[in-house]
Amino acid sequence: MSLSRSGPAWLAAAAEGVSVGVDIERRRAHYPAGLLTAVLSGPERAHVAAAPAGDRAREFARCWARKEAVVKASGVGVATDLRRVDTRPGHAAPHVQHAGSPCGTDSWVVRDLPAATGHVAAVALPSTAGSRASERRPRPGAS
């Protein structure tokens, strides 16, 4: 099971027999330049830099949500060198390598999820479980 919250938005995922990680992030207008170099891989930094100026903060948040989903699923969390987890933001459902994971899985499928306005979200599952994943959403008005 994995949970994430950002302001009033939250996200939960559960999986039977496999690890799962989710993250939801509120998009900010900008991020400190030092943060990009501290947590993004070289290809991720290039992806963010290549985006139109108005989309760079969103692309950073997207990379961050994917990265958090992977490190949560792997069980190592943000204690790892996050620059070594390349989320391949130019791909829709990339296989992401994360060596040294305590759960023994090092290849993850990451998907962007629909999120509340002003947020980005992602889910990560072991690459062997990617084809079995399904999504359920609450019905409007259901509690």
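Could you tell me whether region 1-50 comes out rounded, prolate or oblate from its Cα gyration tensor? Rule is a ≥ b ≥ c as square roots of the eigenvalues, rounded for a/c under 1.5, then prolate if a/b exceeds b/c, otherwise oblate. Present the calculation step by step, with values, prior to reporting the outcome.
On the way: a/c = 3.37, a/b = 1.69, b/c = 1.99.
Judged from the Cα gyration tensor, region 1-50 comes out oblate (a/c at least 1.5, b/c at or above a/b).
When the accessible area of region 2-93 is split by element with a 1.4 Å probe, what percent falls to carbon and sulfur?
Numbers: 2590 of 4720 Å².
Of all accessible area on region 2-93, carbon and sulfur atoms account for 55 percent.
In square angstrom, what is the accessible area per residue of region 1-81 with a 1.4 angstrom probe? Numbers along the way, then the final one.
Working: 4140 Å² over 81 residues.
Ligands and nucleic acids excluded, the figure is 51 Å² per residue.
Collect residues whose amide H, placed 1.01 Å from N in the peptide plane, falls under 5 Å from the amide H of His98; neighbours closer than 5 in sequence don't count.
Ser107, Trp108
Mind listing the phi-derived Karplus ³J(HN,Hα) values for region 109-114, rounded to whole Hz, using 6.51, -1.76 and 1.60 with θ = phi - 60°, and x for any glycine or proline?
Here the 3J(HN,Hα) series is 9, 10, 10, 6, 10, x Hz.
Could you give each residue of region 119-128 its phi-based ³J(HN,Hα) in whole Hz, using Karplus coefficients 6.51, -1.76, 1.60 with θ = phi - 60°, and x for Gly or Pro?
Coupling constants for region 119-128: 10, 10, 8, 8, 10, 10, 9, x, 4, 6 Hz.
Using the beta-carbon distance between Ala33 and Asp112 and R0 = 22 Å, what value does 1/(1 + (r/R0)^6) give for FRET efficiency, to the nearest 0.05?
0.35
How large is ³J(HN,Hα) for each residue in region 32-48, as worked out from phi by the Karplus curve 6.51 cos²θ - 1.76 cosθ + 1.60 (θ = phi - 60°), to whole Hz, x for Gly and Pro?
So the J values, rounded to whole Hz, are x, 4, x, 5, 4, 6, 7, 10, 9, 6, x, x, 5, 4, 5, 4, 5.
The values are calculated or read from the model by the stated rules, or taken from the named source; none is laboratory data. Model, not experiment: these values are computed from the prediction. Neighbour counts run over all protein chains shown; Cβ positions are idealised from the backbone, glycine included. Side chains are part of the model used for accessible areas, which takes the heavy atoms of the whole protein and leaves out ligands, DNA and RNA. Shrake-Rupley method; radii C 1.70, N 1.55, O 1.52, S 1.80 Å.
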